[in-house]
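Following: one structure in structure tokens, then a few remarks.
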Amino acid sequence: MRNYKREKVWNERYVFGNEQSDGIVRDMATKLGRSELFAVLLYNRGYRSAEDAERFLHFKEADFHDPYLLADMDKAVERVFLALGRGEKICIYGDYDVDGVTSVGMLYLYLESRGADVCMKIPKREGEGYGVSCAAVEALANDGVKLIITVDTGITAGAEVEYAKTLGVDFVITDHHECRSELPDACAVVNPHRPDCPYPFKELAGVGVVFKLVCACAMKICREQGRAVVEGVREACLTYADLTALGTIADVMPIIDENRLIVSIGLHRMEQSPRPGIKALIDVSSAKKTGEDNKKRKINSNFVGFGLAPRINAAGRISDASIAVRMLLASDEDEAYAYAEELCAINKRRQVEENRIAEQAYEMIDDIADIDKNPVIVLDSNEWQQGIIGIVASKITEKYGLPSILISFDGSVGLEESAFDDGKGSGRSIKGLNLVEALSHCEDLLVKYGGHELAAGLTVKRGNLDEFCHRINEYARAHLDDEAFKIKLDADCEVSMADVSVKLAKELQYLEPYGTGNATPLFIMRNVTVKRITTTRGGDHTRLLVEKDNITVSAMYFGKHATELGFEAGDTVDLLFNVDINDYKNVVSAQMIVRDARLAEEYTSKIIEEKKRYAEIRGGAQYRTAEDILPDRDDCARVYMLLRKEYRSGNSLTDTKKVLREINSTDEKRINYVKLKYIFEILNELRICEISEIDKDIYSFQVIFQANKTSIDKSAILKKLRSQCSDRK
């Protein structure tokens, strides 16, 4: 497989030494009663005063924005209550991902609580595909539906809305995807991305928009009952924040502004008093059994995003998303557990299929001759399951650092291929290339498309595929520069080993919940000595023991085998890491969670300089005694004894780094790189050992045990080296 390794760039967001920013940080730290390091983290997140930081740290329901600031929210509420008053049949029409499933579940529960005649419709990915269709609208009309409320979909359903009018069916659209130039002519179109929408926070998930609709309805009821409207918002929070948080996290929305409030309240409810469906999924995904008296699990955004969301998503990808909705709606515990077990089984099937498609895709990428010229990877197959290709596209983009689009012409297997076959595609992008804008550049070649800046879906005819590949790569080449292909890792600041403490780890908890827009704090530490490297059981992760300034801390490098590190025990490294608490056998300590590591810049610079100096002296340049390059008998003896020990242990290969680490691990006089290279040459010349350099600084050696006794003074190499010393007496 070809190597597409991208350059990783560590960006240090805050550097101490600026009088103005340091003054702001000190002021916030003093007023908040926190450390200056904690204040730096707040500064990096955009807060410049203790008052603003306090609002971020201690939010409450009153901090929610007025839902009626969303354009058409008043019209949406009016049409919903009209349907409730008339007893009209209402259908909630949603998407099959977690955002859509939680949106459907929430609105269904709310309307049911208001006595509505309500049903739901989530199209199946296979056969029906994404979004509203005229066929579905007609079927719902025939079933007596008079109002369709879309959730997490519908913003491009202009034709379908017009068709519904001919059947006597109204639409209320709630969505959060990017809008086209012309909105559907529905009773209401509630979407914070509408150009004319004054809502101050644009980054709501689809379920967040539905939550605001529920809040608006609750506020209307409070006004009619003469109660404070904040009571309606509080009731909505207590009832539905868990579902809103689940969809918001799964859709990777920024955990800032009111999303932070929603997610915080929702996670607390999931942990303290989860609804039966969510409790069942938490237990099943954590391998717990019903009735076990286990310690309550800490529920955070990471657990939701990587533990719960994939299982809910799996239903919509390869089965039926309504299974997930029924789990969320379940009031009976046994029923909820049955659905949760079914979702986990579906997810296992999804994982198998995902791995199969990924392996095929990687092989196809290796066969693309001009991948370096075309920055967008476009792959297609007749055998890929449409529900899986989006996940695989994410893997490809992460692995190769390039935008990718996978297209499935599912249904063509065993049949003659036609230029008119529809291919359903799913794409992922990188920062710097808005995927929806790139697709709009190819609009005339597509049946339909939609999505977000970094993730989108599309449908394309087989006959247009080659031109589509050409056109989207043409657009990408015009809009991507070299910087876009670098992996930028944003660290908050550089810290010392003394900063890595349980106190800091506990202080960081005040910044939770973490997520997009409020990332887990990431730190840099330079020139750290690696004392020990051990691989965990199973070999998937590596545990490090690192030291600096006479302080030793343990570190975990998840997903990295020791052979993949690029450094060894004894090396000096720079680390990029999070700080966490390790609670092992009731002993609490701080530990690093390593995100990236590399040989220290100072360390590698020194090696480069030493190699350069060796080349100069080897070429005849003079040197001074202070450089300590000239070996004596004791130096040669120490290296020989080390090689003999290795050789007797069955080793006949070594390298300069390994020898230097072993030789200099004692309190004896140090040997530098240049001196060691000359010692190897002298030992080989005098036939004490047979030593040959088989690669850069890698040596094959054999100890000659029956060698005649000799003096290093007989070495011609040593004599020449002595003659090059400019100040030797």
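State which residue is surrounded by the most Cβ atoms within 10 Å (Cβ to Cβ) when the search covers only segment 123-132 and only residues that are closer than 16 Å to E160 by Cβ and of a type in the set (G, A, S). The selected residue is G131. For segment 671-726, give me each residue that is open to solvent by 40 Å² or more (accessible area, probe 1.4 Å), of a type in the set (D, E, K, R) and not in a strand (DSSP E or B). Of everything in segment 671-726, those that are open to solvent by 40 Å² or more (accessible area, probe 1.4 Å), of a type in the set (D, E, K, R) and not in a strand (DSSP E or B) turn out to be E685, R687, K696, K709, D713, K714, K719, K720, R722. Condition check for Y449 on (1) out of contact with any Leu (no Cβ under 6 Å at 6 or more places or on another chain); (2) open to solvent by 20 Å² or more (accessible area, probe 1.4 Å): one failure, at (1).
Scanning segment 166-200 for residues that are in contact with a Pro (Cβ under 8 Å, 6 or more places away or on another chain), open to solvent by less than 10 Å² (accessible area, probe 1.4 Å) and either assigned to a loop (DSSP other than H, G, I, E, B) or at pLDDT below 95 (or both) gives H176, Y199. Between K506, K488, the distinction of being closer than 30 Å to M592 by Cα, at pLDDT below 90 and open to solvent by 60 Å² or more (accessible area, probe 1.4 Å) belongs to K488 only.
Based on this model, can you work out whether A358 counts as open to solvent by less than 20 Å² (accessible area, probe 1.4 Å) and touching a Lys or Arg at 6+ places or on another chain (Cβ under 6 Å)? Walk me through it before giving the result.
Details: open to solvent by less than 20 Å² (accessible area, probe 1.4 Å): yes; touching a Lys or Arg at 6+ places or on another chain (Cβ under 6 Å): yes.
Yes, satisfied.
Only one of these conditions is not met by C493: (1) open to solvent by 40 Å² or more (accessible area, probe 1.4 Å); (2) under 23 Å from V15 (Cα atoms). Which number is it? Result: C493 fails condition (1) only. Quick check: anything in segment 384-395 touching a helix residue (DSSP H, G or I) at 6+ places or on another chain (Cβ under 6 Å), closer than 19 Å to A476 by Cβ and open to solvent by less than 20 Å² (accessible area, probe 1.4 Å)? No; the residues of segment 384-395 include none that is touching a helix residue (DSSP H, G or I) at 6+ places or on another chain (Cβ under 6 Å), closer than 19 Å to A476 by Cβ and open to solvent by less than 20 Å² (accessible area, probe 1.4 Å). When H65 is tested against the conditions (1) within 30 Å of R326 (Cα to Cα); (2) in contact (Cβ under 8 Å) with a residue 40 or more places away in the chain, the lone failure is (1).
List the pairs whose first member sits in segment 14-31 and is closer than 20 Å to Y510 by Cα, whose second member is open to solvent by 30 Å² or more (accessible area, probe 1.4 Å), and whose Cβ atoms are under 6 Å apart, counting only residues at least 6 apart or on separate chains? So the pair list comes out as I24/R48; V25/E36; V25/Y43; A29/E36. Close contacts from segment 329-344, counting a first residue that is under 11 Å from K279 (Cα atoms) and a second that is of a type in the set (D, E), with Cβ to Cβ under 8 Å and a gap of 6+ residues or different chains, come to Y337/D283; A340/D283. Can you tell me which residue in segment 561-582 is modelled with the highest pLDDT, limited to those that are crowded, with 18+ Cβ neighbours inside 10 Å and under 18 Å from G538 (Cα atoms)? Per the stated criteria, the residue is L565.
Residues of segment 500-517 that are in contact with a Leu (Cβ under 7 Å, 6 or more places away or on another chain) and over 17 Å from G33 (Cα atoms): P513 alone. Selection over segment 152-173 of residues that are aliphatic (A, V, I, L, M) and farther than 13 Å from A188 by Cβ gives a count of 5.
Scoring E160 on the criteria (1) within 25 Å of Y240 (Cα to Cα); (2) among the acidic types (D, E); (3) touching a helix residue (DSSP H, G or I) at 6+ places or on another chain (Cβ under 6 Å) leaves a single failure, condition (1).
Meeting the requirement of 3 or more residues that are over 22 Å from S700 (Cβ atoms) and hydroxyl-bearing (S, T, Y), the strands (runs of 3 or more DSSP E) wholly within segment 547-662 are 551-557.
Counting just the residues of segment 83-122 that are in a helix (DSSP H, G or I) and either over 25 Å from A315 (Cβ atoms) or touching a Cys at 6+ places or on another chain (Cβ under 8 Å) (or both), which one comes out least open to solvent (accessible area, probe 1.4 Å)? Talk me through it step by step, then tell me what you get.
Restricting attention to segment 83-122, the residues satisfying the condition of being in a helix (DSSP H, G or I) are 83-86, 98-113.
Still in the running and either over 25 Å from A315 (Cβ atoms) or touching a Cys at 6+ places or on another chain (Cβ under 8 Å) (or both): 83-86, 110.
Values: A83: 1, L84: 42, G85: 70, R86: 148, Y110: 20 Å².
Here the answer is A83.
When you look at E609, is it without any contact (Cβ under 8 Å) to a residue 12 or more places away in the chain, within 25 Å of E662 (Cβ to Cβ), open to solvent by 60 Å² or more (accessible area, probe 1.4 Å) and over 21 Å from the mean Cα position of the chain (by Cα), yes or no? Can you show your working first?
Working: without any contact (Cβ under 8 Å) to a residue 12 or more places away in the chain: yes; within 25 Å of E662 (Cβ to Cβ): yes; open to solvent by 60 Å² or more (accessible area, probe 1.4 Å): yes; over 21 Å from the mean Cα position of the chain (by Cα): yes.
When the stated conditions are applied, E609 passes them.
Collect the residues in segment 133-146 that are on the phi < 0 side of the Ramachandran plot and either surrounded by fewer than 24 Cβ atoms within 10 Å (Cβ to Cβ) or free of Cβ contacts under 8 Å to residues at least 12 places away in the same chain (or both), keeping them in residue-number order. Hits for segment 133-146 are S133, C134, A135, A136, E138, A139, L140, A141, N142, D143, K146. D499 meets each of the listed conditions (1) at pLDDT below 95; (2) over 30 Å from L402 (Cα atoms); (3) among the acidic types (D, E) apart from (1).
Just checking: which of the strands (runs of 3 or more DSSP E) contained wholly in segment 413-518 hold 1 or more residues that are without any contact (Cβ under 8 Å) to a residue 40 or more places away in the chain and under 23 Å from the mean Cα position of the chain (by Cα)?
Numbers: elements: 422-428, 446-451, 455-461, 487-491.
Of the strands (runs of 3 or more DSSP E) lying wholly inside segment 413-518, those with at least 1 residues that are without any contact (Cβ under 8 Å) to a residue 40 or more places away in the chain and under 23 Å from the mean Cα position of the chain (by Cα) span 422-428, 455-461.
Could you please let me know if S273 is over 27 Å from V190 (Cα atoms) and touching a Cys at 6+ places or on another chain (Cβ under 7 Å)? Criteria not met by S273. For first residues located in segment 711-729 and under 16 Å from E627 (Cα atoms), partners that are open to solvent by 100 Å² or more (accessible area, probe 1.4 Å) and lie 6+ apart or on another chain with Cβ distances below 6 Å form the pairs Q724/Q622; S726/Q622; S726/R624; D727/R624.
Within segment 583-622, can you find the residues that are polar (S, T, N, Q) and at pLDDT below 90? If you could, list the steps in order and put the result at the bottom.
We begin by selecting, within segment 583-622, every residue polar (S, T, N, Q); these are 586, 589, 591, 604-605, 622.
If the condition is that a residue be polar (S, T, N, Q) and at pLDDT below 90, then N586, T604, S605 are the ones that fit.
How many residues does segment 299-319 contain that are in a loop (DSSP other than H, G, I, E, B) and open to solvent by less than 40 Å² (accessible area, probe 1.4 Å)? So the answer is 1. State all residues of segment 217-276 that are open to solvent by less than 20 Å² (accessible area, probe 1.4 Å), among the small types (G, A, S) and closer than 21 Å to R55 by Cα; if no residue qualifies, say none. Passing the criteria: A241, A245, G266.
R543 passes every criterion in (1) under 20 Å from W10 (Cβ atoms); (2) in contact with a strand residue (DSSP E or B) (Cβ under 7 Å, 6 or more places away or on another chain) apart from (1).
Of the residues S589, S554, the single one that is under 25 Å from the mean Cα position of the chain (by Cα) and more than 22 Å from E7 (Cβ to Cβ) is S554.
If you go through segment 583-602 and keep only what is open to solvent by 40 Å² or more (accessible area, probe 1.4 Å) and among the charged types (D, E, K, R), you end up with D583, K585, R595, R598, E601, E602.
The values are calculated or read from the model by the stated rules, or taken from the named source; none is laboratory data. This is a predicted model, so every value here is computed, not measured. Cβ atoms come from the backbone with ideal geometry, glycine included; neighbour counts cover every protein chain shown. To get the accessible areas, we keep the full protein, side chains included, count just its heavy atoms, and leave off ligands, DNA and RNA. Shrake-Rupley method; radii C 1.70, N 1.55, O 1.52, S 1.80 Å.
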